[in-house]
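One structure is given here, and the rest of the page talks about it.
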Amino acid sequence: TPLSHIRNFSIVAHIDHGKSTLADRLIQSTNTVADRDMKEQMLDSMDIERERGITIKAQTVRINYTADNGEDYVLNLIDTPGHVDFAYEVSRSMRAVEGSLLVVDSTQGVEAQTLANVYHAIEADHEIVPVLNKIDLPAADCDRVAEQIEDVIGIDASGAIRVSAKTGVGIHETLEAIVQHLPAPKGDIDAPLKAMLVDSWYDSYLGVIVLVRIMNGKLKKGDRIRMMQNGSVHHVDRIGVFRPAMTEIDELGPGEIGFLTASIKQVRDTRVGDTITHEKKGCDKALPGFKPAQPVVFCGLFPVDAAEFEDLRDSIEKLALNDASFSFEMETSAALGFGFRCGFLGLLHLEVIRDRIEREYDIDLITTAPSVIYHIHMRDGTMQDLHNPADMPDLTLVDHVEEPRIKATILVPDDFLGDVLKLCQDRRGIQLDLTYAGARAMVVYDLPLNEVVFDFYDRLKSVTKGYASFDYQMLGYRTDALVKMQVLVNDEPVDALSTMVHRDRAEARGRAMVEKLKDLIPRHMFKIPIQAAIGGKVIARETLSAMRKDVTAKCYGGDATRKRKLLDKQKAGKKKMRQFGKVDIPQEAFISALKMD
Ligand code: GTP
């Protein structure tokens, strides 16, 4: 296909504004897929994505379209992940295309992720076509939303296309706008091969599949290619495009988007954003701006049943094959035994991995409190990264501690603004900005990431009845009065409950934690002190009183089978507990104790 007849684009939208439905409709209306093969949400392939209605891995599809001018075009759609955790993947895949459809739900208006994603598109110099979706709904207010797009984002929305991805209204206009308003790609077919590694994933039959955008040159089956980041060389055994099913072709030229396979075993060997060239006569300059995605949130994953440790290792290794942004190393905890310390791009990423281990591998997990990476500056002038509060060095050796901060953007209807401000304030936030977009307030806060990772989304959703939208970016590290708080049950520290807290909040946090634990830990035959401490100093304390009687006592020693049954029940219950010293702590306690109200 000549460059002038290629259009490459992505769709940017807030979650639920209809990105996947629109993509499906574009595919269907161009007969890219026979109707009978059309599944709802073609592009969301993983089950969990489908269930949760979120798009995690970027997917792509090549659409053939005969425009009103009679010419045949190739349209390549790259589907980008919609969630904030995957911002890096979004920004990379945007660099692989020239334009974007900006989809805004005409009953809702601009949301936090609309903004975050459209800014990625603007940074990538995209031509942007605004699309107002869901016009079939009575609550649609296209004029207001178009005005809002102009006010808040600052792009011309006078020509916004009015669409119902559900009924198909406006789909033809959207296809025409793609051809007429989005620029054709540029590239030189005679120059050395230069291709962007847009995405990669693991397929159990084909091994690693690499999604590429050709910038210059030609990529053919049988070529020997080099990844410029690590110099590794591979033999290309397959080239193809997605229609959206994988279809093999012989070569890809400038401006084209497709996939290659080259007997690559792990996704880890392919880095999103890397430049691919030929082994011989390659290009000498890589594409700019490569940086691997870094995990920012860490937590421990432990099997409830210690016997499942090897199964857990196996499942984590398999998942890691397909997810280069997820890190893990073995960890031992006095409370929880053997497990793994894992790093994630964000909370959603954590949840997805945890769910997959539990569901696909059927392993019950204990997840410890998510933690961010602290910079611990020692008195001797060295600095170390702290991924696990349990590893915090002795306070007397520490000079100061830095924590990561984020810039959070929250859009919320006016009625809930007070609650949102209070929530941010409670989480040690510093207000940076407060503006209005229609009846909605846009607040920008500088917040410690630590205060956001555990349950901030949940709290935000609940205080705003689901009406707030949220997005963030990293700001950098800043010093604060942070200390490690330990929890002692029956005078023994429970490492899995250690957390980093701000000194001013330690007492309140400690008190809340011991009160909760008092309710969560069952009574034993003896009195159990539950304490929160910083260094050697106890800051909160509760005492769980002793159980008055043995459960079996009421059987008067007479009925042996009844006694046995009760003991069996106790045993079964115990399996779900973690024995700690002499104390059994139920699994829920670890997570519940860390939730703040
Ligand atoms: P993520 O994949 O989570 O980012 O969501 P999305 O933006 O892809 O949204 P999706 O396409 O899953 O649509 C969200 C919901 O809106 C679904 O229930 C769709 O059926 C519905 N929807 C999408 N487009 C329309 C439309 O034009 N009209 C109506 N009434 N509903 C729509």
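The values are calculated or read from the model by the stated rules, or taken from the named source; none is laboratory data. Computed from a predicted structure; not experimentally measured. Don't worry about glycine lacking a Cβ; one is built from the backbone with ideal geometry, like all the others, and counts go over all protein chains shown. The area values use the complete protein model at the heavy-atom level, side chains included, leaving out ligands, DNA and RNA. Shrake-Rupley method; radii C 1.70, N 1.55, O 1.52, S 1.80 Å.
Structure values in brief
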{"quantity": "Most positive-pole-ward Cα, Pro404, Val145, Ala532, against dipole of the chain from beta carbon charges", "calculated": "Ala532"}
{"quantity": "Gain in span if fully extended, Gln180 to Lys285, counting 0.36 nm per residue against the direct Cα distance", "calculated": "34.6 nm"}
{"quantity": "Expected 222 nm ellipticity per residue - DSSP helices of 4 or more, -39500 (n - 2.57), all of the chain, to 500", "calculated": "-7000 deg cm²/dmol"}
{"quantity": "Tyr374 - accessible surface, heavy atoms, 1.4 Å probe, Å² rounded to 10", "calculated": "0"}
{"quantity": "Alpha-carbon centroids, the stretch 424-474 and the stretch 150-220: separation in whole Å", "calculated": "32"}
{"quantity": "Largest to smallest accessible area among Tyr472, Tyr477, Tyr445 [probe 1.4 Å]", "calculated": "Tyr477, Tyr472, Tyr445"}
{"quantity": "For the stretch 410-416, 3J(HN,Hα) per residue [Karplus equation, 6.51 cos²θ - 1.76 cosθ + 1.60, θ = phi - 60°, Hz, x = Gly/Pro]", "calculated": "10, 10, 8, x, 3, 4, 9"}
{"quantity": "With DNA, RNA and ligands ignored, accessible area of Lys265 (1.4 Å probe; Å², nearest 10)", "calculated": "150"}
{"quantity": "In Hz, Karplus ³J(HN,Hα) per residue of the stretch 187-194 (6.51, -1.76, 1.60; θ = phi - 60°; x = Gly, Pro)", "calculated": "x, 10, 5, 8, 6, x, 4, 9"}
{"quantity": "DSSP loop GluC sites (Glu not before Pro) with at most 16 other Cβ within 10 Å: longest gap in the chain", "calculated": "280-597"}
{"quantity": "Backbone HN-Hα couplings from phi across the stretch 421-432 [Karplus 6.51/-1.76/1.60, Hz, Gly and Pro as x]", "calculated": "4, 5, 4, 5, 4, 4, 9, 6, x, 10, 6, 9"}
{"quantity": "Exceeding the 31 Å Cα-Cα cut-off - candidates Lys318/Lys465; Lys134/Lys461; Lys186/Lys280; Lys19/Lys291", "calculated": "Lys318/Lys465"}
{"quantity": "Local net charge near Val233, Cβ-Cβ under 9 Å (Lys/Arg +1, Asp/Glu -1)", "calculated": "+1"}
{"quantity": "5 angstrom amide H check on Phe328, placed H, neighbours 5+ away", "calculated": "Gly343"}
{"quantity": "Whole-number percent relative contact order across the chain, with pairs defined as alpha carbons under 8 Å at least 6 apart", "calculated": "9"}
{"quantity": "Heavy-atom SASA rank of Lys134, Lys220, Lys166 (probe 1.4 Å, accessible area, largest first)", "calculated": "Lys166, Lys220, Lys134"}
{"quantity": "Around Asp136: net Lys/Arg minus Asp/Glu count, Cβ-Cβ under 11 Å", "calculated": "+3"}
{"quantity": "Approximate spin-label separation Asp433-Asp188, in nm, with each point projected 7 Å along Cα-to-Cβ", "calculated": "4.0"}
{"quantity": "14 Å beta-carbon shell around Asp284, net charge (K/R +1, D/E -1)", "calculated": "+4"}
{"quantity": "13 Å reach of a label modelled at Glu248, 7 Å along Cα-to-Cβ, counting backbone N of the stretch 206-231", "calculated": "206, 221-222"}
{"quantity": "Hull-based mean projected area of the stretch 332-442, where the convex hull spans the alpha carbons, in square nanometres", "calculated": "10.7"}
{"quantity": "Ala437 long-range amide H proximity, modeled H, under 5 Å", "calculated": "Met442"}
{"quantity": "Euclidean distance of C-alpha centroids, the stretch 347-380 and the stretch 93-108, integer Å", "calculated": "31"}
{"quantity": "Protein accessible area in the chain, 1.4 Å probe - carbon and sulfur %", "calculated": "48"}
{"quantity": "Euclidean distance of C-alpha centroids, the stretch 263-325 and the stretch 480-540, integer Å", "calculated": "36"}
{"quantity": "Surface accessible to a 1.4 Å probe, Thr114 within the full protein complex, Å²", "calculated": "0"}
{"quantity": "Nonlocal amide H pairs with Tyr73, under 5 Å, H built at 1.01 Å", "calculated": "Tyr65, Thr66, Ala67"}
{"quantity": "Heavy-atom surface of the stretch 98-257, accessible at 1.4 Å and reported per residue (Å²)", "calculated": "41"}
{"quantity": "Protein-only accessible surface order, largest first, of Phe340, Phe526 at 1.4 Å", "calculated": "Phe526, Phe340"}
